[in-house]
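J.: Next up is a structure, given as structure tokens.
A short reminder: the numbers here are calculations on the coordinates, not readings from a lab. It should be emphasised that the depicted structure is a prediction, and the values quoted were computed from it without experimental measurement. All Cβ positions, even for glycine, are placed from backbone atoms using ideal geometry, and neighbour counts span all protein chains on display.
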């Protein structure tokens with residue numbers, strides 16, 4: 001009998017614990033539903049552009065910082081942009097009504113047509129960090145340097161460009177624009193990828209666009225039958241998994257798994273540096289940090305590998321990480337789902353580069369023998 005009594009007591013306690021746990025989970029679920037707490041989801045932001053790529057809009061689902069200057073919910077505003085060749089605004093505005101405009105030169109550099117200038121010329125190349133995704137033209141680091149330096153600074157960043165495309169773009173812009181200095185603003189996912197490395201990667205996120213939190217249609221909320229608590233736990237576990245895989249991906253980009261691609265990237269940068277030296281100009285690599293965990297940045301070692309690889313070959317490198325470490329990361333994002341550097345980050349980047357570029361310009365002839373003559377007017 002004592003054994004049966006002991007078993008009954010044990011089962012009673014277990015039932016009590018399970019009942020208490022069920023009540024606690026139920027209360028938590030009710031509270032989450034009452035407060036409408038769920039994993040954050042956002043409408044997918046878009047880049048809209050005209051057929052000739054001379055005009056564009058970056059569009060976002062909301063504007064919590066009050067920064068985006070265009071509100072496409074206004075019928076007249078939307079009609080003006082549609083009339084200028086951006087008919088897609090009618091399809092996108094309901095989910096992503098807040099926008100930043102882009103204008104490009106005939107050579108697809110941001111800021112409109114390039115005019116001749118008597119001062120030295122700096123051409124900035126790179127990807128969306130350089131172009132300034134989600135950032136007003138006047139707030140980009142190139143525009144800030146244009147105002148701060150005794151030089152014309154042209155923003156020829158193109159979103160989505162990695163190696164070898166960056167090298168091809170460098171050759172084209174040097175031939176077209178005759179720069180005294182070229183600044184290549186590098187980010188950690190720029191290196192060329194070998195076929196083997198690219199083939200084995202399962203692309204989930206890149207800590208630049210938070211694709212996990214984007215939805216293409218619907219209201220973005222969990223399905224009605226899904227438990228909110230379960231959704232939050234699932235989101236946290238998925239975030240941890242994606243973070244681990246993404247961190248490994250960035251390290252492997254400059255490591256043995258991508259050896260052929262990384263060696264090709266070094267060769268591209270060294271060749272660009274040599275081309276500018278041959279012209280009597282200067283070449284500078286300005287290294288951006290990713291806007292991720294700046295309070296305890298996870299990629300110091302990757303920055304070191306890049307610096308040492310390039311500096312050992314005579315390339316001038318400005319690592320801007322010291323201007324960002326310790327900052328509140330989220331305050332430097334364009335948007336919660338778009339972790340491109342915002343206007344505050346561009347200001348930090350420009351200020352970090354300014355003295356080094358002033359020094360480079362001081363030691364460089366104001367013009368090179370080739371190229372078009374320069375009149376006194378500055379661009380912008």
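J.: Using a Förster distance of 51 Å, how high is the FRET efficiency between residue 83 and residue 13, based on the Cβ-Cβ distance and rounded to 0.05?
T.: 0.10
J.: Ranked from highest to lowest mean number of other Cβ atoms within 10 Å per residue, what is the order of the peptides 157-165, 96-104, 357-365, 264-272?
T.: On the way: 157-165: 17.3, 96-104: 21.1, 357-365: 15.7, 264-272: 19.1.
Ranked by mean Cβ neighbours within 10 Å, highest first: 96-104, 264-272, 157-165, 357-365.
J.: Calculate, for residue 101 and residue 322, the FRET efficiency according to 1/(1 + (r/R0)^6) with r their C-beta to C-beta distance and R0 35 Å; round to the nearest 0.05.
T.: Approximately 0.60, to the nearest 0.05.
J.: Let me ask you something else. Rounded to the nearest Å, what's the spacing between the alpha carbon centres of region 341-363 and region 258-333? Just the number, please.
T.: 14
J.: Counting pairwise Cα distances across region 42-101, what percent come out greater than 19 angstrom?
T.: Percent of Cα pairs beyond 19 Å in region 42-101: 18.
J.: How would you rank 340-352, 166-178, highest first, on the average number of other Cβ atoms within 10 Å across their residues?
T.: Working: 340-352: 21.5, 166-178: 18.0.
Ranked by mean Cβ neighbours within 10 Å, highest first: 340-352, 166-178.
J.: In addition: Extent of region 117-174 along each principal axis, from alpha carbon coordinates, in Å, largest to smallest?
T.: Principal-axis extents of region 117-174 (Cα, largest first): 31, 26, 11 Å.
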